[in-house]
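Structure first, commentary second.
The values are calculated or read from the model by the stated rules, or taken from the named source; none is laboratory data. These numbers come from a predicted model, not from an experiment. When we count neighbours, we look across all protein chains shown, and the Cβ atoms used for this are built from the backbone with ideal geometry, even at glycine.
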Amino acid sequence: MNIKQILFRNRCGAELSHAELAYMLELTDPAERDALFREARRIRQQNFGPEVFLYGFVYFSTYCRNGCRFCGFRSQNRQSIRYRRSREEILEAAVRLKDSGVNLLDLTMGEDPYYLNDGERGYERLLELIRAVREETGLPLMVSPGIVPERLLPYLREAGADWYALYQETHTPALYDRLRLDQPYQERWERKLSARRYGLLVEEGLLTGVGDTTADQIHSLRQMELLGARQVRTMTFVPQKGTPLENVQAGSCSRELNLIAVMRLLFPNRLIPASLDVEGLQGLKSRLDAGANVVTSLIPPDAGLAGVAQSEKDIGDGARTVQGIQPVLARCGLRAASSKQYAQWLDVAHRQDCRNERKRVSV
Ligand code: SF4
């Protein structure tokens, strides 16, 4: 087996085997990796042209009721940056991001009890916030509030959310149980299926370098397909101060790059992010070169907002901004998509998902 044969089979429409996927994920030979990344870029070009979508990130509350072992914002971590931004602060950041040219705003929080453990009042606070950001900016929204009750999902959509992002991080239940303490695997999974039924596009995520094997990753890729996730992301684990995994050796990001490229082969027309939240600006080119077509975690400087895995990296000096990434896009032969282009993509995705759901119900 070699990379040329695998890529040829993929081009012919053959279903790639477990062994072929493992071969690509484990690639270390520079020439073979180059061939894989080249093919991923060709597929991206075929499906999206030279345009990439840009997502602004508003991490509006870092309070969380959970204790995920990999996360710096787990409730037990006294060393975490902890804040809950006011409505005004959130709107100001949202408008700044809009004015800078992002295509979408990602409203993210930890599972903050202020919103999620205060019954209807808390849910209404969340919905009101989503409505206000939508109204003020007119931009498409992704919401990442963690697990919410199923009955809240249609209201998220109604308030203006297009996307519901909820990462499993791994689809191997035993590893999941070690990472996401006391959060039932099945509940998390089913919430995403429900979100799709209520007209929300779903983003699924995979964390790598956190005890996952190649077989775990292949299983995750298959599950992402099953879920019908419209956006699939992978990020390398970054050890966080004050957490049980603080002293785990940080791995290289080469597996993340292989995963991005394999995702592009398997999911040619899905959105695949290049996150600034792992290696900051210096890691952007390699992720785009591996076939990503969305830049995520753009954060306005001086807004007092954190990233997730890299809570401060490259934020203060404005490198994680639309302007800051322009030279990298140019070096990759890419350019920022317009809001109109993103809205068109979104419209088609919503309509396709809606048709797929109808088919699912009628089967
Ligand atoms: S990963 Fe999310 S749910 Fe888990 S502790 Fe961090 S913020 Fe909370």
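Note on the stretch 308-324: among residues that are surrounded by 12 or more Cβ atoms within 10 Å (Cβ to Cβ) and in contact (Cβ under 8 Å) with a residue 60 or more places away in the chain, the one that is farthest from the ligand (Cβ to nearest atom) is VAL322. Could you tell me whether any residue of the stretch 177-188 is within 14 Å of the ligand (Cβ to nearest atom) and surrounded by 19 or more Cβ atoms within 10 Å (Cβ to Cβ)? Checking the stretch 177-188: at least one residue is within 14 Å of the ligand (Cβ to nearest atom) and surrounded by 19 or more Cβ atoms within 10 Å (Cβ to Cβ).
Given (1) at pLDDT below 95; (2) within 21 Å of GLN46 (Cβ to Cβ); (3) not polar (S, T, N, Q), where does ALA303 come up short, assuming only one miss? Just one mismatch for ALA303, condition (2).
Among the residues of the stretch 91-106, those that are outside any loop (DSSP other than H, G, I, E, B) and away from the ligand (no atom under 16 Å from the Cβ) comprise LEU91, GLU92, ALA93, ALA94, VAL95, ARG96, LEU97, LYS98, ASP99, SER100, LEU104, LEU105. Here GLU88 meets the list (1) away from the ligand (no atom under 16 Å from the Cβ); (2) buried (at least 22 other Cβ atoms within 10 Å of the Cβ) almost entirely, failing just condition (2). Return yes when TYR59 is part of a helix (DSSP H, G or I) and among the hydroxyl-bearing types (Ser, Thr, Tyr) and no when it is not. The answer is no for TYR59. Is it the case, given these coordinates, that THR170 is polar (S, T, N, Q), surrounded by 18 or more Cβ atoms within 10 Å (Cβ to Cβ) and either in contact (Cβ under 8 Å) with a residue 40 or more places away in the chain or in contact with a Pro (Cβ under 7 Å, 6 or more places away or on another chain) (or both)? In short, yes. Restricting the stretch 33-82 to residues that are in contact with a helix residue (DSSP H, G or I) (Cβ under 8 Å, 6 or more places away or on another chain), within 16 Å of the ligand (Cβ to nearest atom) and of a type in the set (Lys, Arg) leaves a set whose member that is nearest to ARG255 (Cα to Cα) is ARG69. Between ARG65, ARG96, the distinction of being within 26 Å of LEU346 (Cβ to Cβ) and touching a residue at least 24 places away in the same chain (Cβ under 8 Å) belongs to ARG96 only.
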